[in-house]
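The values are calculated or read from the model by the stated rules, or taken from the named source; none is laboratory data. In this text, all values refer to a predicted model and were calculated from it rather than measured experimentally. Methodologically, a virtual Cβ is constructed for each residue, glycine included, from the backbone with ideal geometry; neighbour enumeration extends over all protein chains shown. Ligands, DNA and RNA are excluded from the accessible area calculation, which covers all protein heavy atoms including side chains. Shrake-Rupley method; radii C 1.70, N 1.55, O 1.52, S 1.80 Å.
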Amino acid sequence: MSTQVRITLHDEVYRRAKQLAQMSNRNIEELLAQAIELSLSSVGPATDTYKPVSKLSDAEVLELSQMQMDAKQERRFSRLLNKQPAGARPS
C-alpha cells in the first residue's frame, strides 16, 4: 500500500536530489521515496509499538532517561550537527 504525499524542499536539497536521480538514471520521486524509507528505517520499528510517555510507569520513564546512542549513531549525529550551519534551526 502507498500514500501519495506532497512536500516542499529547500532549493538546494531539491537540486542535489535531482542531480543524484539523474546520475543514477532514476526519477526524483523514486529517489526521494527511497531516501525517506531508508532514513526512517534507521529510527526503529513503527511508532505504534511504543506507549505514550503518559502511559509509562515511573520505572519505565527512568529507564528511558538512561538510554544512550551507540558509538556509531553518536559519530553520525556529531557529523550531521557539524554540517549544520551555526544558528540554523532544523526544518
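Only residues in region 3-26 that are within 22 Å of residue 85 (Cβ to Cβ) count as the first member; pair them with residues that are open to solvent by less than 90 Å² (accessible area, probe 1.4 Å) and in a loop (DSSP other than H, G, I, E, B), Cβ under 9 angstrom, at least 6 apart or cross-chain, and list the lot.
From region 3-26, the pairs are 17/9; 20/26.
Are there helices (runs of 4 or more DSSP H) fully within the chain with at least 2 residues that are at pLDDT below 85? List them.
28-41, 71-83
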